[in-house]
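The values are calculated or read from the model by the stated rules, or taken from the named source; none is laboratory data. Remember, predicted model here, so these are calculated numbers, not experimental data. In this analysis, Cβ positions are derived from the backbone assuming ideal geometry, glycine residues included, and neighbour counts consider all displayed protein chains. These accessible areas exclude ligands, DNA and RNA; they are computed on the full protein's heavy atoms, side chains included. Shrake-Rupley method; radii C 1.70, N 1.55, O 1.52, S 1.80 Å.
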Amino acid sequence: MHHRHTLAAVAAGILLTAGIGATIPAGAAGAPAPSTSTPATALVVNARWGGHATFDRLVIDVRGAMPPVTVQQSRSLHYDGSGERVPLAGKYFLEIRLSPAAAHDDAGRSVYQGPRLLKIHLPALKGVALTGDFEGVVGIGAAFDTKPEYKTFRLHSPERFVVDIAHPRVGCGA
């Protein structure tokens with residue numbers, strides 16, 4: 001019987017390494033996962049921002065390998081899971097989603113230290129909210145009074161996802 005548990009653990013390890021372990025229920029292998037220096041799921045630990053001469057910057061700090069990130073413009077922000085509207089003032093919004101990712105540890109404790117809902121007074125960026133930590137997706141929303149012109153990129157050591165938003169141009173009716 002012991003041989004069977006070892007075989008199941010080895011098979012689970014191979015499947016997890018191959019990236020298809022999501023189909024195996026947690027604990028199905030019957031053996032603890034080997035500890036590693038970086039978490040298997042990326043942990044979103046902070047969101048921070050700053051104003052610069054011609055743009056505002058939003059930075060999302062990640063512990064572990066940077067997961068795929070999507071950024072899309074939206075007419076409103078909603079909390080994942082409940083679907084309730086995020087009470088953040090603005091006319092335009094960006095939805096930033098990191099997946100697979102979590103903002104909590106294996107025991108369910110939050111590791112996210114950034115704002116959950118915060119009004120910001122910068123030329124472009126007007127607010128930031130944690131919109132979700134649900135089913136392997138962490139959502140962060142950003143609010144703007146004018147349609148955001150932005151670019152995104154990744155920085156490493158430590159891992160960060162960056163959104164630079166150009167300041168609104170004055171006098172062009174934007």
Checking Leu125 against (1) open to solvent by 30 Å² or more (accessible area, probe 1.4 Å); (2) over 12 Å from the mean Cα position of the chain (by Cα), the condition it does not meet:
(1)
Among the residues that make up the range 138-146, is at least one of them open to solvent by 80 Å² or more (accessible area, probe 1.4 Å) and more than 15 Å from the chain's Cα centre (by Cα)?
no
Does Glu135 qualify as being at positive phi and open to solvent by 40 Å² or more (accessible area, probe 1.4 Å)?
yes
Selection from the range 54-66 of residues that are touching a Gly at 6+ places or on another chain (Cβ under 9 Å) and open to solvent by less than 40 Å² (accessible area, probe 1.4 Å):
Asp56, Leu58, Val59, Ile60, Asp61
Being outside any loop (DSSP other than H, G, I, E, B), open to solvent by 40 Å² or more (accessible area, probe 1.4 Å) and either small (Gly, Ala, Ser) or touching a residue at least 40 places away in the same chain (Cβ under 8 Å) (or both) is the filter here, so list the residues in the range 72-94 that pass it.
Gln73, His78, Tyr92
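Filter the range 149-161 down to the residues that are under 16 Å from the mean Cα position of the chain (by Cα) and surrounded by 14 or more Cβ atoms within 10 Å (Cβ to Cβ) and list them by number.
Of everything in the range 149-161, those that are under 16 Å from the mean Cα position of the chain (by Cα) and surrounded by 14 or more Cβ atoms within 10 Å (Cβ to Cβ) turn out to be Thr152, Glu159, Arg160, Phe161.
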Tell me, yes or no, whether the range 106-120 has at least one residue that is of a type outside the set (Val, Ile, Thr), part of a strand (DSSP E or B) and either under 12 Å from the mean Cα position of the chain (by Cα) or surrounded by 20 or more Cβ atoms within 10 Å (Cβ to Cβ) (or both).
no
